[in-house]
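Everything on this sheet refers to the single structure shown next.
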Amino acid sequence: MADTTLPVIEGALLKVAQDKGFATARDRLEVMSPQCGFGELGTCCRICYMGPCRIDPFGNGPKTGVCGLTPDAMVARNLLRDTVGGTASHVGHARHVLLTLRDALNGKAPYQIKGVSKVMALAKTFGVPTEGREVNDICRDLVNIALEDFGRQDELPNNWISKRAPAEEQALWSDLGLMYSNPHNEIETAMHATSMGNDADPVSLMLRVLKMSLIDGWTGLTLCVDLQDILFGVPEIAVTEAAVGVLEENSVNVAAHGHNPVLSEKILEWAEKLEGDAIAAGAERINVVGVCCTGNELSMRHGVKLAAHNSQTELILATGAVDAMVVDIQCIWPQLAQVAKCFDTAFITTDAMVRIPDAIHIPFEPHHADESAREIVQKAIDAFRRRRGKPVDIPRHKSTAVAGLSVEAIVDLLAKLDAEDPLKPVIDNVANGNIFGFVGVVGCSSIKFRDNAMTEEMVKHLLRQNVLVLTTGCTAHICAQDGLMTSEATYRYCGDGLKAVLEVLGKAAGLDGPLPPVWHMGACVDNSRIVDLMVALAERLGVKVGQLPAVGSAPELVQEKAVSIGGSFLALGVSCHIAPAPRILGGPMVTKLLTEDLQELTGAVVRVELEPKGAADWMIAHIAGKRAALGI
Amino acid sequence: MSKTIFTVAEKCVACKSCEIACAVEHSRSKTLAGAILETPPPQRRINVEGVGAYSYPSRCQHCSDAACVTACPTGAMQRDGCDAVFSDADKCIGCWMCVVVCPFGGVSADPVGKKALKCDRCPERTAKGEAPACVAACPTGTLLYLTPEEFAAERRQATARAAICGGQADEPNGMDILRSLKRTH
């Protein structure tokens, strides 16, 4: 690594951990390094017990698996299984939200419909009659349409892709055989097709990867976000703060970590209800802070402060100031329980699927949400009682951040400039080059890339070239912590064109300064919001999504979910930058397919760049190509 | 001339198969399933070191004029009938002179820190005409078991081939691409 630019916050957090003698993920990575080249290349096959088989990348040893599987088929099978992991995560999350909504409507789960506008918008999309009907009745129809998607065996197209996705792209997907019916059947088929003695054709397998990614995009992300907006409300622009400095020494700090707002919304509700108990215990208040993506959900809808992205989760526990870390699903490191054990911190798991040794397990399911949430918050107050008066070590770093940029919030804001045609100001500014293009910066935070501030530096390069950045997930935390979601960032980093646009938008939003140049659009599941925005712009322009001057980037890939999200962008024709390299390089044909030949199928390619400037330069050049093709 | 272990560094992909095979060979059971249950756990004498985008399996070179043998005050460090350098644990006093003088870091300490630990070039295997465990386990041809003359002959032939057929570069393989990406990082 040529120049080390470890972000200040990471440095401060690491110092806290090091001072207390904790080994961190960095230390564990160092012990793990160098990491196995077969794994990195994707040419290690552990699918059957004639193996494990490994292909010699230098051509002297094995050239196929014991069964004769080629390296290309091997990397494609492995990539498909990664994609299944990602898709299963989002589809599972979506189904959980769907069943919660169903039970809420039946009076079995204590949740109310807060997103009436979303119910109405979706009713229109799905052709559900609304005239003279109660909101809950309309919503029941929507629930039944979604339930049909999870139960159907008729091979008809899944409702959420066929009604929510743009028509022209659907025609292409249909031609390529990528349309699907029931997501569960497809997950089953993909696991079946990749087991020993099934699909061995790399092209067929790669088409399955795209199909699985579409399932993630539409029946995972989109369905999930649509229903979460119904249950918890459509996000509106809100100002919040980000980084570890949002922890408060004299408050009961409750860190909500994971992905599912069905839990964190209730924790927030009960934190408000039990504030009196906290004060009686000697605390100033209960300070619910957001970690990882459920943190993003809370910041989007309630302006809850953001404490940490994924790779900082063990580090904020080392402050000793977190009274309870309550977790649901996905990206929960087992290490957290070990760090929590060293303090008064209650580390609480809640989902039967996420059991971690040495954690306190309080089962949380929607029917008894209030009882469980109450018990969890009380555990946090008890932990505060034990912690009170003991020294804590909270680095003071934090930044303000504007969050809550749902598509609806963006359109409402734009409507202040042009009520008749809200997207017109954006279209005009794209055409005149003030907005050179869009990059959706999504995915994880990786300790492999924190030392050179990959996400922050890449984003700054993009802003200088007037590229508007839309972000979600842990990269949103990174940008928020670095002050990139402030008016000041617009002045400091943007090219003149983008600055001028954001100044106008800031005024329309009633902010003191320009709108920030990096738009916080939510959790990783909220990548459907980025897609919705791109679809709206493409429809307004009368072009396909893939023709827009837009690129996706997962600059610090960790989780399988980022693979399937990236695949859903590729299927839409949106090219993607990714770092580190996906595990396909051991298959030359698959590598060429993703980096070149996919252009002929969907119009998108994959590009790997491991340093920020190279990544930004490639994306800017790619956007320039899209602009030229549009004649702008 | 005895065979010894040669390393073709650019072929190493850091899979660490050599490390595991070494520990298993130096276990009582000589099987992976048995070795992982033994107390004390068997120790490897080869270590895959990372260097930027590359990796290198580092171990004793079994030098002909071995500094460790010269420096050893008790005669523990010695040469076997096949010219492999090994340490006799009964004679070793843990003075670490061998560790200090070895230019390759080829000698280290056993887990309790009392005795020198190093590659013995698998005498039981080589006596049966087999390659040392690390060489046998290497899936990419990074580790080779040859006499210096055999190794040099292979290199001479490769050089001659390049001189006659021209130095046409092969298409970059996946490992080449991965390394070139990492070099920018």
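The values are calculated or read from the model by the stated rules, or taken from the named source; none is laboratory data. Predicted model, so just to flag it, every value in this text is computed and none were measured. Note that we place each Cβ from the backbone using ideal geometry, even for glycine, and neighbour counts take in every protein chain shown. These area figures cover heavy atoms from the full protein model, side chains too; ligands, DNA and RNA do not enter into them. Shrake-Rupley method; radii C 1.70, N 1.55, O 1.52, S 1.80 Å.
For segment A:390-484, the strands (runs of 3 or more DSSP E) that sit wholly inside it and include 3 or more residues that are in contact (Cβ under 8 Å) with a residue 24 or more places away in the chain, under 20 Å from A:GLN547 (Cα atoms) and open to solvent by less than 10 Å² (accessible area, probe 1.4 Å) are A:437-441, A:467-471. The C-beta contact set for segment A:233-253 (first residue part of a loop (DSSP other than H, G, I, E, B), second residue among the basic types (Lys, Arg) and surrounded by fewer than 19 Cβ atoms within 10 Å (Cβ to Cβ), distance under 9 angstrom, 6+ apart or interchain) comprises A:GLY233/A:LYS114; A:VAL234/A:LYS114; A:GLU248/A:ARG285; A:ASN250/A:ARG285; A:ASN250/A:ARG388; A:SER251/A:ARG285.
Return yes or no: is A:LEU537 in the same structural domain as A:LEU462 (by TED's automatic domain parsing) and within 17 Å of A:ALA480 (Cα to Cα)? Reasoning before the result, please.
Details: in the same structural domain as A:LEU462 (by TED's automatic domain parsing): yes; within 17 Å of A:ALA480 (Cα to Cα): no.
When the stated conditions are applied, A:LEU537 does not pass them.
Looking only at segment B:39-68, residues that are touching a Cys at 6+ places or on another chain (Cβ under 8 Å), open to solvent by less than 50 Å² (accessible area, probe 1.4 Å) and within 19 Å of B:GLY141 (Cβ to Cβ) come to 5 in all.
Could you pull out the residue among A:ILE584, A:ILE565 that is within 14 Å of chain B (Cβ to nearest Cβ) and either at pLDDT 95 or above or buried (at least 22 other Cβ atoms within 10 Å of the Cβ) (or both)? Give the steps one after another, and end with the answer.
Numbers: A:ILE565 fails: within 14 Å of chain B (Cβ to nearest Cβ).
Exactly one of A:ILE584, A:ILE565 is within 14 Å of chain B (Cβ to nearest Cβ) and either at pLDDT 95 or above or buried (at least 22 other Cβ atoms within 10 Å of the Cβ) (or both), namely A:ILE584.
Listed here are the residues, each with its yes/no results for (1) under 23 Å from A:PRO52 (Cβ atoms); (2) in contact with an Asp or Glu (Cβ under 8 Å, 6 or more places away or on another chain).
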residue	(1), (2)
A:ILE187	no, no
A:ASP199	yes, no
A:PRO202	yes, yes
A:MET206	yes, no
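Would you confirm whether any residue within segment B:114-135 is part of a helix (DSSP H, G or I), within 14 Å of chain A (Cβ to nearest Cβ) and surrounded by 19 or more Cβ atoms within 10 Å (Cβ to Cβ)? Yes - at least one qualifying residue is present in segment B:114-135.
Based on this model, can you work out whether B:GLU19 counts as acidic (Asp, Glu), within 14 Å of another protein chain (Cβ to nearest Cβ) and either part of a strand (DSSP E or B) or free of Cβ contacts under 8 Å to residues at least 12 places away in the same chain (or both)? Answer is no for this residue. Of the set (1) assigned to a helix (DSSP H, G or I); (2) within 27 Å of the chain's Cα centre (by Cα); (3) farther than 23 Å from B:PRO57 by Cβ; (4) not charged (D, E, K, R), all apply to A:LEU29 but (3).
Only residues that are more than 14 Å from chain B (Cβ to nearest Cβ) and within 25 Å of the chain's Cα centre (by Cα) were counted in segment A:587-598, giving 1. Answer yes if at least one residue in segment A:77-89 is part of a loop (DSSP other than H, G, I, E, B) and open to solvent by 50 Å² or more (accessible area, probe 1.4 Å), and no otherwise. No, segment A:77-89 has no match at all. For A:LEU484, are the conditions met, namely being aliphatic (A, V, I, L, M), in contact with a Leu (Cβ under 9 Å, 6 or more places away or on another chain), farther than 18 Å from A:MET534 by Cα and at pLDDT 95 or above? Answer is yes for this residue. Taking the numbered list (1) over 27 Å from the mean Cα position of the chain (by Cα); (2) without any contact (Cβ under 8 Å) to a residue 60 or more places away in the chain in turn, A:CYS67 passes all entries but (2).
In summary, B:ASP83 fulfils each of the numbered conditions (1) at pLDDT below 95; (2) in contact with a helix residue (DSSP H, G or I) (Cβ under 7 Å, 6 or more places away or on another chain) with the single exception of condition (2). Within segment B:95-110, can one find any residue that is part of a loop (DSSP other than H, G, I, E, B) and either closer than 22 Å to B:GLY129 by Cα or among the aliphatic types (A, V, I, L, M) (or both)? Taking every residue of segment B:95-110 in turn, none turns out to be part of a loop (DSSP other than H, G, I, E, B) and either closer than 22 Å to B:GLY129 by Cα or among the aliphatic types (A, V, I, L, M) (or both). Which one is nearest to the other protein chains (Cβ to nearest Cβ), of the residues in segment A:47-92 that are small (Gly, Ala, Ser) and farther than 20 Å from A:CYS444 by Cα? Selected residue: A:GLY61. Residue under question is B:PHE151, and the condition is that it be away from chain A (no Cβ under 14 Å) and loosely packed, with under 13 Cβ neighbours inside 10 Å; does it hold? It is false that B:PHE151 is away from chain A (no Cβ under 14 Å) and loosely packed, with under 13 Cβ neighbours inside 10 Å.
Return the pairs, sorted by first residue and then second, in which the second residue is among the small types (Gly, Ala, Ser) and not in a loop (DSSP other than H, G, I, E, B), the first residue lies in segment A:17-46 and is within 13 Å of chain B (Cβ to nearest Cβ), the beta carbons are less than 7 Å apart, and the residues are 6+ apart or on different chains. Short answer, once both residue conditions are applied: A:SER33/B:GLY50; A:PRO34/B:GLY50; A:PRO34/B:SER55; A:LEU41/B:GLY174.
Against the definition (more than 14 Å from chain B (Cβ to nearest Cβ), buried (at least 24 other Cβ atoms within 10 Å of the Cβ) and farther than 25 Å from A:LYS448 by Cα), how does A:LEU601 come out, yes or no? Steps first, answer last, please.
Values: more than 14 Å from chain B (Cβ to nearest Cβ): yes; buried (at least 24 other Cβ atoms within 10 Å of the Cβ): no; farther than 25 Å from A:LYS448 by Cα: yes.
It is false that A:LEU601 is more than 14 Å from chain B (Cβ to nearest Cβ), buried (at least 24 other Cβ atoms within 10 Å of the Cβ) and farther than 25 Å from A:LYS448 by Cα.
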